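As structure tokens, the structure follows; a few thoughts come after it.
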Amino acid sequence: MGLKEEFEEHAEKAKTLPETTTNESKLILYGLYKQATVGDVNTARPGMFNMRDRAKWDAWKAVEGKSKDEAMGDYVTKVKQLLEEAGVST
């Protein structure tokens, strides 16, 4: 299985993460997903009254510069880690 296929498979698995998954972990996944699928941040940072979107933008900005393949690999690793912590077999 190639990296892209593994990434897509784990993007689906990420949707099954338990409610107890921390916002910090969800933001890490979001940033890696956006970096893997879009590349570097291409939008302006949301205003300070839009805290949710601002946190998502910051998470994406934090991984700026990673190649799409590197971001895909990190995403797969993080999803596996979170599923393992939740006691879900991968």
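The values are calculated or read from the model by the stated rules, or taken from the named source; none is laboratory data. Just so you know, these numbers come straight off a predicted model, no measurement behind them. Cβ coordinates were reconstructed from backbone atoms using ideal geometry, including for glycine residues, and neighbour counts include every protein chain displayed. Quick note on the areas: whole protein, heavy atoms, side chains included, nothing else; ligands and nucleic acids left out. Shrake-Rupley method; radii C 1.70, N 1.55, O 1.52, S 1.80 Å.
Brief remarks follow.
- Any hit, segment 35-54, residues being open to solvent by 70 Å² or more (accessible area, probe 1.4 Å) and under 13 Å from the mean Cα position of the chain (by Cα): no
- For segment 1-34, the candidate set comprises residues that are basic (Lys, Arg) and loosely packed, with under 14 Cβ neighbours inside 10 Å; within that set, the residue that is nearest to Met72 (Cα to Cα) is Lys4.
- Within segment 26-44, residues that are among the polar types (S, T, N, Q) reach partners that are assigned to a helix (DSSP H, G or I) and open to solvent by 50 Å² or more (accessible area, probe 1.4 Å) with beta carbons closer than 9 Å, at six or more positions or on different chains, in the pairs Gln35/Lys68; Gln35/Glu70; Gln35/Asp74; Thr37/Lys68.
- Every pair of residues 6+ apart whose Cβ atoms lie under 6 Å, when the first sits in segment 65-90 and is of a type in the set (D, E, K, R) while the second is open to solvent by 90 Å² or more (accessible area, probe 1.4 Å): Lys80/Thr90
- Members of segment 55-90 that are open to solvent by 40 Å² or more (accessible area, probe 1.4 Å), modelled with pLDDT of 95 or more and small (Gly, Ala, Ser): Ala62, Gly65, Ser67
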